[in-house]
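Everything on this sheet refers to the single structure shown next.
The values are calculated or read from the model by the stated rules, or taken from the named source; none is laboratory data. Quantities reported herein were computed from a predicted structural model and do not represent experimental measurements. Every residue, glycine among them, receives a Cβ derived from its backbone with ideal geometry; neighbour counts consider all protein chains shown. The area values use the complete protein model at the heavy-atom level, side chains included, leaving out ligands, DNA and RNA. Shrake-Rupley method; radii C 1.70, N 1.55, O 1.52, S 1.80 Å.
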Amino acid sequence: MTDPTISPIADSMLVEPATSLRGRIRMPGDKSISHRVLMLAALAEGESVIGGLSDGDDVASTLAIIEALGVRVDSEVNLSGEWVHHIFGGDLSPAASDLDVGNSGTGMRLLAGMLAGLPFSSVLDGDASIRRRPMDRVLNPLRKMGASIVSRNADSASGAGMAPLVINGGGLRGIEYHLPVASAQVKGSVLFAGLLADGPTTVVERWPTRTHTEELMTAIGIDIERSKVGGLDRISVSPGRPDPFDHDVAGDPSQAAFWAVGASIVPGSNVVIENVYSGPERSGFVAVLARMGADVTHDEATGDLLVRSPPSGALEGTTVRADEIPGLVDEVPVLAVAAACAEGKTVFEGVGELRIKESDRLAAIESELGRMGAEVRAEGDCLVVWGRSGRGFCGASVDAHRDHRIAMSCAIAALVADGPTTINGWESVSTSYPTFADHRASLMATEIEN
Ligand code: S3P
């Protein structure tokens, strides 16, 4: 699925400070939705037509996996120059070799749910980072449903299960599962398994998380019930494969957040970010930036996110409460960049989950923004940033920790540095946002129109 219009990704990136960010950019398709849409299309018997898929490596891995399971995928570029994928699903069969999710935790956890329900054996694996990430959070509920899953890489001390996973699928029973962590990946994994179980499956969540799985399933006609009982959200799915469907994936808000912060910290900026998904539990960063004094609005009619430099000139520190975190969990690194440019202290509470993302993001933010002169400390479950309003960052040589969001957050900080910044390990951005550098160049090149 290599797009010839995307520039090759270098392994390091030199970012010069910006005088302003101006212009319009269109976001790539949402990564979370793209994984789910591909899996639903793989289960549906017949042809589904998908537009706007994420062009990152993570989603390419999920696409390659459904092909390895026997699904035919025809891809074409339409008259508007956009990719359209025709997915001929329904007839899934064992793959000839191990299935490789690459760097994608979402792909790994969601696919584990689907494969647990399919009546054959699969081995699900990924890169070195995936092999270190905890999988018990999906193995526990899937085993309760009757799945036979063996970790070939259990932690020798704790026994915790990690990839590769050997999944002997089929014979699942529906269960009621209370999520022990606020994780949309776990919810999604159990609901996908529920589609292939012998009775209804209910996930109960104490903290609302991204709703893509249930939204998409409902949109394509799967029987999903949502209710609130005793303050807890209950999401129930009945077994059954979806019918084929057409879907256009909206733009990724997590990628838009980079430019929302960029335009809020680079003076004289005025950016329109087109086609941004604004569903529940994804727009938390907009509310936090607005609370910090940013001029950011989501135009519901067009889906565009409009961002200008704040009228007051500077952002203000804030407290981001633990209950807000699931709605902006991927945006904490770049919000920390905004906080470092704000007046006063910002505290992100209850962000322990960031330690088990593509990198230990709390350690990575502390060390790399620290190299750029920011005062940031990870204290227990919290991240504390002491803002240096008006002073920006120092140009430095930083490391991406093999994590796309750390690489791109440093690139946004570099826009307000006092000199050039080199980001080593830049190639990690290809997992989610291969056109980031092109978008940066276009926003820095646009002439100021009054
Ligand atoms: C995702 C959920 C979040 C997020 C990840 C994508 C999803 O992870 O960090 O990038 O698509 O469901 P958790 O479920 O671990 O919170």
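Which of the numbered conditions does residue 224 fail, given that it passes all the others? Conditions: (1) open to solvent by 40 Å² or more (accessible area, probe 1.4 Å); (2) free of Cβ contacts under 8 Å to residues at least 40 places away in the same chain; (3) closer than 23 Å to residue 196 by Cβ.
Only one criterion in (1) open to solvent by 40 Å² or more (accessible area, probe 1.4 Å); (2) free of Cβ contacts under 8 Å to residues at least 40 places away in the same chain; (3) closer than 23 Å to residue 196 by Cβ is unmet by residue 224, namely (1).
For the list (1) in the same structural domain as residue 303 (by TED's automatic domain parsing); (2) over 21 Å from the mean Cα position of the chain (by Cα), I need the number of the one condition that residue 255 fails.
The number of the failed condition is (2).
Checking the conditions here, which among 403, 418, 399 is acidic (Asp, Glu) and either modelled with pLDDT under 95 or within 15 Å of the ligand (Cβ to nearest atom) (or both)?
None of the other options fit; the residue is 403.
Can you pull out every residue in the range 251-275 that is more than 16 Å from the ligand (Cβ to nearest atom) and either in contact with a Gly (Cβ under 6 Å, 6 or more places away or on another chain) or not in a strand (DSSP E or B) (or both)?
Passing the criteria: 259, 260, 261, 262, 263, 264, 265, 266, 267, 268, 269, 275.
Taking into account only those residues within the range 64-77 that are of a type outside the set (A, V, I, L, M) and outside any strand (DSSP E or B), which is most open to solvent (accessible area, probe 1.4 Å)?
67
Output the residue which, of all residues in the range 93-116 that are open to solvent by 10 Å² or more (accessible area, probe 1.4 Å) and more than 14 Å from the chain's Cα centre (by Cα), is nearest to residue 40 (Cα to Cα).
Among those that are open to solvent by 10 Å² or more (accessible area, probe 1.4 Å) and more than 14 Å from the chain's Cα centre (by Cα), it is 93.
Which of the residues spanning the range 330-388 are within 16 Å of the ligand (Cβ to nearest atom), open to solvent by less than 50 Å² (accessible area, probe 1.4 Å) and in contact (Cβ under 8 Å) with a residue 60 or more places away in the chain?
Within the range 330-388, 330, 331, 333, 334, 335, 336, 357, 358, 359 meet the criteria.
Could you figure out which of (1) in contact with a Lys or Arg (Cβ under 8 Å, 6 or more places away or on another chain); (2) more than 15 Å from the ligand (Cβ to nearest atom); (3) of a type in the set (Ser, Thr, Tyr) isn't true of residue 129?
Exception for residue 129: condition (2).
Name the one entry in 97, 80, 93, 61 that is touching a Ser or Thr at 6+ places or on another chain (Cβ under 8 Å) and not in a strand (DSSP E or B).
Just a single option satisfies the conditions, and that option is 61.
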